[in-house]
Structures are given as C-alpha cells and as structure tokens.
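Heads up: the structure comes next, in structure tokens.
The values are calculated or read from the model by the stated rules, or taken from the named source; none is laboratory data. Keep in mind it's a predicted model, so treat the numbers as computed, not measured. Using ideal geometry, Cβ is built from the backbone for each residue, glycine included, and neighbour counts are taken over all protein chains shown. Just the protein is used for accessible areas: all its heavy atoms, side chains included, with ligands, DNA and RNA removed. Shrake-Rupley method; radii C 1.70, N 1.55, O 1.52, S 1.80 Å.
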Amino acid sequence: SPTDQGGEVSASFVVVANRLPVDRVQNPDGTVDWRTSPGGLVTALEPVMRANEGAWVGWHGAPDEVLDPFEEDGITIVPVPLSTDEVADYYEGFSNGTLWPLYHDVVAPPAFHRVWWDAYVRVNRRFAERAAQVSDQGATVWVQDYQLQLVPQMLRMMRPDLRIGFFLHIPFPPVELFQQLPWRREITEGLLGADLIGFQLPGAAQNFARLVRQRVSAEVRRDQITLGDGHVARARAYPISIDSRSFHELSRSEPVQQRARDIRRDLGEPKVMFLGVDRLDYTKGIKQRLRAFGELILEGRLDPDDVVFVQIATPSRERVEEYRHLRDEIDMLVGRINGDAGRIGRSPLVYLHSSFPREEMAAMYSAADVMVVTPLRDGMNLVAKEFVACRGADDGALVLSEFAGAAYELKQAYKINPYDINDIKATLELASHDAPNNKARRMRALRKQVFDNDIAKWADNFLTDLDQTVTG
Ligand code: ADQ
C-alpha cells in the first residue's frame, strides 16, 4: 500500500487538484466517514490510481483543519490545509474573482488585488511541496485547473525527476485579455514548468502558444515550446468528456424511467419540456435564455398551456459578490416571467435553486424534450454531453451555444449565439417544432460523438502523450 507505517505516502502517480475527490459524511452516532464523490474525473482516474499506487493531493473543503493522509476506496488521500483567510484570498479571491472572469472573456470585470495574489502564490507553493513529498522517484504528477497554475514550475524546481502534466478545465483567453493580468509573466512561467499542458480546445492551446511567443524567450514550434534551459513543454488540446456508458445505463434503469414519467406528470403533461441545468454562474447565460423564453410566451409564439421550462441552478460560490448579485437578478426575472405569463395552477417557468443526485439528473435529462445550454463562454460544458448520453430513442433536441467548448465537437446541435436573444428565440421555437426525422438525424450524430469519446479515452490520450514526453 502507498501508505506505510509512518503515515508517509509515496506514490508513482499523483493527482493535484484544488479539491479532493471525497466528501465528509457524519454518521448518526457522531463518527465521521469519507465517501468518494462521483465526479467524472475520479471515475476516469480510478483505474490509473489503482494500477499505479495513486495519490490525490487536495483540499478537503473545511478551513483551519490539518488532516493526515488516509486511504479511501483504493486511493491515497493527501489533504492540504487552507486557513479561513486563504479560502477568501486564494480561492474566492484570486481563483474566482480574478482568474475565472478573466479567462471567460471578461464577461464580468476581474478584480486585481495584491493580497489575493500573495495568497495564491503561498497556497500553490504548499500544494507543490506536498506533491513533491509524496511522489516517488520519476513519478507522474497531473496538476488540475486554474487554481494551481504555478504548481508545475514550483514542482519542477523541487523535483526535476518528475513527469509533470497540467490540464486547464476552463478556457484560455486570447493574449489581448490575458495581458491585463499584473502577474501574467508568473502564471505563464508557472504553466511552462509542465511537460504537457492540456487545454479543452485547439484554439486555447494556440492562444497559449501565441502568448509564449510574444512574452517569453522560448522557441515555439507548433505545439512544442523549448525554454532557455532546454526544458520542453507541449501545449495541446484534450476535450474532456463524461462517463457516457454509465450515464446511459443509469438513464435506462426502471426507477429513473419511472421518475422521468412522474416528472412530466407533475408538470401537467406538457407538450414540450425545456430544461436548463447549470451551476448558478454568470458565464452560463441563464438570464439570456430565460428572457428569450419569457418573450416567446408573451408574444404568443409559445403557448403556456403547452410548454414548460425547468431551470435547475446549483448554488455556487455564494460568498463571492458577483454570484450573490446574479442570484437576485435571476430570482427577479423568474418572478417577472411567471407573474406576467402564469395562470392559477400553471407557471411556465419552474426554477429550482438546488443540487440533485445523479439519478434525479438522469431522470430530468430523460424527461426533457429540449435541452437549453447557452453559456457566454464555457471551457467544455458537460451538461450538454450528459443530456445526449441519457437519450434512449432518437428524439430530443440540444440547443447549444457556439461559445461552449462542447460546440466544437457537438456539431449537430441546434447552435445559437447567446448574445443574440432573437437567435435564441428562433432556435428554441425550431428545436421544439422541428420534424422528428431532423431531430433523429442530429441526435444520432451527437450520440455517436459522445459514446466514441468518453472520459476514459480523454484520460488515456492525455496520459499516453505525457508518458511519451522526454523530461529534462
Ligand atoms: P462547470 O462550470 O461546473 O465545470 P459543467 O461542465 O457543465 O460546468 O459541469 C457541471 C457538472 O455539475 C455536470 O456534471 C452536472 O451534471 C453537474 N450539475 C450541474 N447542476 C447540477 C445540479 N443542480 N445538481 C447536481 N449536479 C449538477 C468546469 C468548466 C466546464 C468543463 C468542466 C469539466 O467550467 O467548462 O466542462 O469543468 O472540465
């Protein structure tokens, strides 16, 4: 086992991510257990973890608490502590108040604060040190996402023997936006510490290569970046996916099918059920989509007796100001639309501000006729792929923003420009009334895409390429 007597961990495959893949559960008798959270990344990496004495380095979600490493479900869990101030400055501040909006086309203004940056550096160093401590000689370390962009370089300085991969789950912006960042040089160099830097889309990898060409003295040839000290970093695209088969099987199970029927019955057996599922985030275009739906109803282009729109929004980052503000705006918009267009016993818009288990999500995806995914910018968008995986027959329609990474692969979706409300309106109408054979043709192509490219293949592609890089 990777954890020996002294509690000292040594692993040959190490994942480093802001959050650990486990949640704490409190038993009725007061004792505490950990349960692996069923995210796609854990599912994809579990086989690799088991085969390689894997360890996962990350924060466990509660501030001001130091925990020893432990084993859970065959994975060695290595908790990294964060103080209350660090959660505010590194996580809510620099990660979600600076980097998140900057990397999403500045759809909200990013805030630049030096104390946030200082905390980001400090916390990244702590993650790097912990990863360095638990990695075997020559181990492979895979660093995840925008919260940890300094870790690759820090880790390489401490442990030149390691093979280091990095994957960015969100978009990488054009140089013109990225250069606003006062710490642009440090972040760029931080990423360049990796042997392989993965992005969701080729365009993002190209944005990064262009940035390096302009700002760093390095030789850039296609996806290969050679630095002054001879270190080579590669920047490539690996579009992430979902565990398609398990979503499909879940959606076909009798309890989920029954639940899907119950949902439609509870909604009054509408002719068309529209569905939106998002973290409550200003990048997801929730306001634009609800406004479009509301106008269609008020103009009589959709009949409130026939249609219903279910919008599910998972609470997210509620201590960040922008997110609180967004929640209020959406509450108001929902109230206005239902106030204007509802009748006794019938509201065209059903808005649920909460999180649901996978079974319930699969039932919603199965019950819906039109899935509405309208982000202003999104690295990938897994909801779009989950909907496709949950469709049994060749029915149902996916309305998808051109600005979601998923649009690059899901070419047969009903595409929209989320900034163009008239375009959203026309496409919602089309998707709800289109001929069954048109829908079937599109859905068959989408389904093939999602089943041929699942998350196991994504992880395998990345790790195979990483394995073939020459460290040094
Ligand atoms: P997110 O911005 O969180 O992810 P997304 O890719 O859509 O966006 O993933 C959301 C996940 O949360 C989905 O698996 C979905 O099922 C789940 N979810 C959403 N609402 C839920 C609810 N109410 N209850 C339960 N589950 C819910 C970031 C990037 C994306 C990128 C992913 C993966 O912003 O662009 O696709 O990482 O790389």
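Being surrounded by fewer than 16 Cβ atoms within 10 Å (Cβ to Cβ) and under 25 Å from Ala205 (Cβ atoms) is the filter here, so list the residues in region 85-106 that pass it.
The initial filter retains those residues of region 85-106 that are surrounded by fewer than 16 Cβ atoms within 10 Å (Cβ to Cβ), namely 85, 105-106.
Asp105, Val106, listed by residue number.
Would you point out which residue out of Arg210, Arg261, Arg236 is open to solvent by 20 Å² or more (accessible area, probe 1.4 Å), more than 17 Å from the chain's Cα centre (by Cα) and within 16 Å of the ligand (Cβ to nearest atom)?
On the way: Arg210 fails: within 16 Å of the ligand (Cβ to nearest atom); Arg261 fails: within 16 Å of the ligand (Cβ to nearest atom).
After applying the criteria, what remains is Arg236.
Can you tell me which residues in region 331-355 are assigned to a loop (DSSP other than H, G, I, E, B), open to solvent by 50 Å² or more (accessible area, probe 1.4 Å) and either within 16 Å of the ligand (Cβ to nearest atom) or farther than 22 Å from Met371 by Cα (or both)?
The initial filter retains those residues of region 331-355 that are assigned to a loop (DSSP other than H, G, I, E, B), namely 342, 344-345, 347-348, 353-355.
Then keep just the ones that are open to solvent by 50 Å² or more (accessible area, probe 1.4 Å); that gives 344-345, 347, 355.
Scanning region 331-355 gives Ile344, Gly345, Ser355.
Mind listing whichever residues of region 281-293 are in a loop (DSSP other than H, G, I, E, B), open to solvent by 10 Å² or more (accessible area, probe 1.4 Å) and more than 8 Å from the ligand (Cβ to nearest atom)? Talk me through it step by step, then tell me what you get.
We begin by selecting, within region 281-293, every residue in a loop (DSSP other than H, G, I, E, B); these are 281-285.
Right, trim to open to solvent by 10 Å² or more (accessible area, probe 1.4 Å) and you get 282, 284.
Correct list: Tyr282 only.
Tell me, which residue of region 266-280 that is within 11 Å of the ligand (Cβ to nearest atom) and surrounded by fewer than 22 Cβ atoms within 10 Å (Cβ to Cβ) is farthest from Arg336 (Cα to Cα)?
Arg279
Of all residues in region 250-280, which are of a type in the set (Val, Ile, Thr) and not in a strand (DSSP E or B)?
Taking region 250-280 first, the residues of a type in the set (Val, Ile, Thr) are 256, 263, 272, 277.
Within region 250-280, Val256, Ile263 qualify.
Which residues, taken from region 11-57, are in contact (Cβ under 8 Å) with a residue 60 or more places away in the chain, within 16 Å of the ligand (Cβ to nearest atom) and closer than 17 Å to Val143 by Cα?
Val15, Val16, Ala17, Asn18, Gly40, Leu41, Thr43, Ala44, Leu45
Name the residues in region 92-127 that are closer than 18 Å to Glu186 by Cα and either of a type in the set (D, E, K, R) or touching a strand residue (DSSP E or B) at 6+ places or on another chain (Cβ under 8 Å) (or both), would you?
Ser95, Arg114, Asp118, Arg122, Arg125, Arg126, Phe127 - these are the residues of region 92-127 that are closer than 18 Å to Glu186 by Cα and either of a type in the set (D, E, K, R) or touching a strand residue (DSSP E or B) at 6+ places or on another chain (Cβ under 8 Å) (or both).
Within region 294-330, take every residue that is open to solvent by 10 Å² or more (accessible area, probe 1.4 Å) and among the hydroxyl-bearing types (Ser, Thr, Tyr) and give me the one that is nearest to the ligand (Cβ to nearest atom).
Among residues in region 294-330 that are open to solvent by 10 Å² or more (accessible area, probe 1.4 Å) and among the hydroxyl-bearing types (Ser, Thr, Tyr), the one nearest to the ligand (Cβ to nearest atom) is Thr314.
What residue, among those in region 181-195 that are more than 17 Å from Met154 (Cβ to Cβ) and not in a helix (DSSP H, G or I), is farthest from the chain's Cα centre (by Cα)?
Residues of region 181-195 more than 17 Å from Met154 (Cβ to Cβ): 181-182, 184.
From what's left, not in a helix (DSSP H, G or I): 181-182.
Details: Leu181: 23, Pro182: 26 Å.
Per the stated criteria, the residue is Pro182.
Residues checked against (1) touching a residue at least 12 places away in the same chain (Cβ under 8 Å); (2) away from the ligand (no atom under 12 Å from the Cβ); (3) of a type outside the set (D, E, K, R); (4) farther than 26 Å from Ala108 by Cβ:
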{"residue": "Arg358", "(1), (2), (3), (4)": "yes, no, no, yes"}
{"residue": "Ser366", "(1), (2), (3), (4)": "yes, yes, yes, yes"}
{"residue": "Val372", "(1), (2), (3), (4)": "yes, yes, yes, no"}
{"residue": "Asn381", "(1), (2), (3), (4)": "yes, no, yes, no"}
{"residue": "Lys385", "(1), (2), (3), (4)": "yes, no, no, no"}
{"residue": "Gly392", "(1), (2), (3), (4)": "yes, yes, yes, yes"}
{"residue": "Asp395", "(1), (2), (3), (4)": "yes, yes, no, yes"}
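So for region 213-228 (the condition being touching a residue at least 24 places away in the same chain (Cβ under 8 Å), out of contact with any helix residue (DSSP H, G or I) (no Cβ under 8 Å at 6 or more places or on another chain) and open to solvent by 30 Å² or more (accessible area, probe 1.4 Å)), does at least one residue qualify? Don't jump to the end; show me each part of the working.
First, pick out the residues of region 213-228 that are touching a residue at least 24 places away in the same chain (Cβ under 8 Å): 214-216, 218, 225, 227.
From what is left, the residues that are out of contact with any helix residue (DSSP H, G or I) (no Cβ under 8 Å at 6 or more places or on another chain) are none.
Looking through region 213-228, none of the residues is touching a residue at least 24 places away in the same chain (Cβ under 8 Å), out of contact with any helix residue (DSSP H, G or I) (no Cβ under 8 Å at 6 or more places or on another chain) and open to solvent by 30 Å² or more (accessible area, probe 1.4 Å).
Somewhere in region 140-156, is a residue of a type in the set (Asp, Glu) and not in a helix (DSSP H, G or I)? Give the steps one after another, and end with the answer.
Taking region 140-156 as the starting set, the residues that turn out to be of a type in the set (Asp, Glu) are 145.
Next cut, not in a helix (DSSP H, G or I) only: 145.
Looking for residues that are of a type in the set (Asp, Glu) and not in a helix (DSSP H, G or I), one finds at least one in region 140-156, hence yes.
Checking Thr140 against (1) free of Cβ contacts under 8 Å to residues at least 60 places away in the same chain; (2) β-branched (Val, Ile, Thr); (3) in contact with a Lys or Arg (Cβ under 7 Å, 6 or more places away or on another chain), only one condition comes out false. Which one?
So the condition that Thr140 fails would be (1).
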